[in-house]
1. Let a ≥ b ≥ c be the square roots of the eigenvalues of the Cα gyration tensor of the stretch 4-85; is it rounded (a/c under 1.5), or, if not, prolate (a/b larger than b/c) or oblate?
2. Summing -39500 (n - 2.57) over the DSSP H runs of n ≥ 4 in the chain and dividing by its residue number, what mean residue ellipticity at 222 nm do you reach, to the nearest 500 deg cm²/dmol?
3. With respect to the cross-link table entries LYS164/LYS215; LYS216/LYS250; LYS16/LYS73; LYS18/LYS250; LYS18/LYS198, which display a Cα-Cα separation exceeding 24 Å?
4. Tilt of helix 282-292 relative to the longest C-alpha principal axis of the chain, in degrees (0 to 90, nearest 10)?
5. Looking only at ASP33, ASP260, ASP101, which one moves most when the chain is put into a Gaussian network model with springs between Cα atoms under 10 Å?
6. With +1 on each Lys and Arg Cβ and -1 on each Asp and Glu Cβ, and nothing else charged, work out how big the dipole of the stretch 197-325 is about its Cα centre, in Debye to the nearest 20.
7. Would you mind classifying the chain by shape? Square roots of the alpha carbon gyration tensor eigenvalues, ordered a ≥ b ≥ c; an a/c under 1.5 is rounded, otherwise it is prolate if a/b is larger than b/c and oblate if not.
8. For LEU319, what charge total do you get from the other residues with a beta carbon under 9 Å from its beta carbon, if Lys and Arg give +1 and Asp and Glu give -1?
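Nothing in this text is a laboratory measurement; each read-out follows from the coordinates by a stated rule. Since we're looking at a predicted model, the values are computed, not measured. Using ideal geometry, Cβ is built from the backbone for each residue, glycine included, and neighbour counts are taken over all protein chains shown.
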Amino acid sequence: MVDLARLNAWLKAPEKFKHHLAPDALLLDASFDPIAWPEAEAFITSLTAEDFTITPEYSWVIVRRDAQWLRVKMDGETITRLDLIASAPTHARMAMVYGYDGTLYSGSQIQPHDPTIQHELENMLKHLFQSDVFITPASRTDALVHALGAVAHFDIPFPMAPEKIKQMLNQMAPKDIVINDVHAVSPFFHARYDVKEKTYLYQFSLQKDVAFMHKKSVLPVDDIAAFEARMKHFEGTHDFRNFAKAKDAKNTVRTIQSVDLKIRADDAYTLEITGQGFLRHMIRMMIGAALHFDGPTIQDGLAHPERAMKKYLAPAEGLYLYAIQY
């Protein structure tokens with residue numbers, strides 16, 4: 001949490017503000033292109049006690065003066081990032097939290113000829129605003145995968161109350177999509193690039209249950225405690241090249257904060273996996289590996305990503321995008 005009083009004092013003393021700027025801090029403009037410190041300093045120097053506001057937004061703070069906006073990200077007393085917008089944005093930006101049952105869709109990302117979640121959402125927004133409105137999702141999910149707390153941002157062509165947008169979208173939405181929340185955000189907010197961490201759930205059973213056939217997977221786990229121990233090897237920072245579809249990925253190093261197994265009912269379980277980011281098919285291949293390999297083999301695959309190993313993909317229907325933190 002940013003100390004607003006402390007930041008307010010720094011904004012009135014540019015040299016003190018600069019003193020707390022990390023040497024490797026990101027300084028960006030509205031297009032996420034680098035800017036030099038003097039550009040940000042000119043904005044800070046122009047501030048007076050009466051003409052600017054400070055507003056918290058997620059894990060950062062927005063400083064606004066007339067048409068100019070400055071976003072400040074901090075880690076303790078260190079400023080790690082500044083984003084500067086020098087002129088008023090032409091559109092208001094909204095963040096949308098939504099969920100869906102992915103059973104009938106070919107994934108979340110839009111495709112030319114197949115039904116997708118993005119296609120449905122953008123059609124709803126087009127109908128509501130009578131013009132093309134495109135969403136930028138925080139993450140994409142594969143066919144048959146579900147979401148409880150997916151996030152996307154979009155810019156609206158004319159003002160409308162967030163609660164009204166939510167209400168209208170839910171009236172138009174098919175029965176397998178729900179809009180949980182819509183709220184106004186600053187022009188800086190980017191649903192994908194501002195993510196701090198994501199949590200996925202993988203719900204599975206040891207035997208088939210017709211009532212939940214498309215909502216959880218059936219896994220052949222003989223020893224649930226041993227399976228959990230094998231999944232625990234993925235915690236920490238590793239190169240996940242052997243546990244993801246990573247052919248085109250430039251960087252395959254990821255950090256998994258936690259892997260927790262929870263018992264839901266007899267023969268029904270939920271894996272909760274939280275990380276800073278995930279490669280394509282990474283979670284399902286982690287689970288596939290835990291089903292087919294022992295602990296030392298998994299550890300060796302993480303320690304030596306250059307040694308290619310066989311990959312196993314767990315079924316899709318048990319996977320849920322649960323929550324995204326900013």
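1. rounded
2. Calculated from helices alone, the mean residue ellipticity at 222 nm is -6500 deg cm²/dmol.
3. Over 24 Å Cα-Cα: LYS164/LYS215; LYS216/LYS250; LYS18/LYS250; LYS18/LYS198.
4. 20
5. Fluctuation is largest for ASP33.
6. 580
7. Oblate, since a/c reaches 1.5 and b/c is not below a/b.
8. Combined, the nearby Lys, Arg, Asp and Glu give -1.
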